Amino acid sequence: VNVAAARALEGRFQRARKDKELAVLEGFHALKHALRFGAQVELVVAADPAALAQIADDLAPDLHGRLGAGGVAVEQVPAELLSRLAPRVPHTQVLALAARPPFDPERLRRDRNSGAIVLLEDPRDLGNIGAVVRAAAAAGAGGVVTTGTHDPWDAAAIRGATGLHYALPVGRDDAFALDPGERPLLALDPEGELLDPARLPPDAVLAFGTERDGLSDDLLARADARLRLPMRAGVSSLNLATSVAAVLFAWRLAMYRADT
Ligand SMILES: C[S@@+](CC[C@H](N)C(=O)[O-])C[C@H]1O[C@@H](n2cnc3c(N)ncnc32)[C@H](O)[C@@H]1O
């Protein structure tokens, strides 16, 4: 890679990090899930394309022919250049750029058969956002909506979610919290009534509060119910992503029990 080409690549990644239509994928697992769930991958750069092909064969044989020969081309770049394209070079030494799918909150309101929606009110920690998206994808939730200033498609959140943003709708929309349509709005709050997973409506919007202060008074006032996960005395609250995972998997286990 000559100096001009290296500069062009740096510029492309810098612009992509600010572009609301693009996603920066850091590491093989993010790239794997993006490809598996239908992302339009525009560019893949790796320090060692042969090693990447081996990782792909070992960990994701279902992607055979989708990456490298017969699929998305993998551009080889020196490891030193890779370290200028990402704040922390992933262990698998691969980065990629992909298009973000369009996010349609109106469809989430309307399509009530798509599963429960996780609503994060003003989350501050990108690692938490990523962990929530990962748990929501695994649990079969219908989507993740955030409010506030942080972009849920930030590269750090995508890395935390191992690219599972492509497995379900994920987006930021302040209006969704104010109007979830006909879906029941349930506030998850350590001060609420005891949650009974078997009684969670399958089309609920499950609202979780910001890391430090919890849910806003406004959202609590509009919620149809306020529910808590029981905790041992003396513990104030669970971490945001942990509480989302606990609620979603209680819901999923209750659905399994009801089906069998
Ligand atoms: C770190 S907690 C916020 C703590 C905040 N001081 C409070 O009391 O709400 C972040 C979010 O996780 C959820 N959460 C944490 N522990 C919970 C519990 N035991 N039951 C229900 N939700 C919980 C709530 O949605 C909360 O707003």
Would you please give the FRET efficiency between T242 and D217, computed as 1/(1 + (r/R0)^6) with r the Cβ-Cβ distance and R0 = 30 Å, to the nearest 0.05? 0.80
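If you filter the range 130-209 for GluC sites (Glu not before Pro), then keep DSSP loop positions with at most 15 other Cβ within 10 Å, what is left?
Details: sites: E182, E191, E193; in loops: E182.
Sparse-neighbourhood loop GluC sites (Glu not before Pro): E182.
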So what's the gap between the Cα centers of the range 4-53 and the range 143-159, to the nearest angstrom? 18
Taking H placed 1.01 Å from N in the peptide plane, check which residues at least 5 places from R228 or on another chain put their amide H under 5 Å from its amide H. D189, G192, E193, L194, L195
Using DSSP to define loop residues, name the trypsin sites (Lys or Arg not before Pro) in the range 1-96 whose beta-carbon has at most 11 other beta-carbon atoms within 10 Å. K20, R88
Connecting every pair of Cα atoms under 10 Å apart in the chain and solving the GNM, the largest mean-square fluctuation among A131, A157, A16 falls on A16
Only Lys, Arg (+1) and Asp, Glu (-1) charged, at Cβ; the chain dipole about Cα centre in debye: 380
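Just round it to a whole percent: the fraction of Cα-Cα distances in the range 46-178 exceeding 19 Å.
When every Cα pair of the range 46-178 is considered, 57 percent fall beyond 19 Å.
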Using a Gaussian network model of the chain whose springs link C-alpha atoms within less than 10 Å, name the residue from L59, L200, L188 with the highest mean-square fluctuation. L59
Residue by residue, what Karplus-based ³J(HN,Hα) values in Hz, rounded to whole numbers, does the range 242-248 have, using 6.51, -1.76 and 1.60 with θ = phi - 60° and x for Gly and Pro? 5, 5, 4, 5, 4, 5, 5
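Is the shape of the range 180-260 rounded, prolate or oblate, going by the alpha carbon gyration tensor and its root eigenvalues a ≥ b ≥ c, with a/c under 1.5 for rounded and a/b larger than b/c for prolate? Before the final figure, lay out each step's value.
Working: a/c = 2.00, a/b = 1.20, b/c = 1.66.
Oblate shape, in that a/c is at least 1.5 and b/c is the bigger or equal ratio.
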What's the local net charge at P101, with K and R +1, D and E -1, over the other residues with C-beta under 13 Å away? +1
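Taking the Cα centre of the range 1-98 as origin and charging only Cβ (+1 Lys, Arg; -1 Asp, Glu), how large is the dipole, in debye to the nearest 20? All intermediate terms of the calculation are to be shown ahead of the outcome.
Values: 11 positive and 11 negative charges, 84 e Å.
Computed charge dipole of the range 1-98: roughly 400 debye.
What do you get for Rg/Rh over the chain if you use C-alpha atoms and the Kirkwood form of Rh?
Numbers: Rg = 19.9 Å, Rh = 19.4 Å.
Answer for the chain: 1.02.
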Could you pull out every residue, at least 5 positions away or on a different chain, whose amide H is within less than 5 Å of the one on L43? Hs are placed 1.01 Å off N in the peptide plane, and Pro or chain starts have none. L97
Give a quick list of chymotrypsin sites (Phe, Trp or Tyr not before Pro) in the range 1-49 that DSSP marks as loop, anything other than H, G, I, E or B, with at most 10 other Cβ atoms within 10 Å. none
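Values in this text are rule-based calculations from the coordinates and carry no lab data. Small disclaimer: the values here were computed from a predicted structure and weren't measured. Glycine gets a Cβ as well: all are built from the backbone with ideal geometry, and neighbour counts include every protein chain shown.
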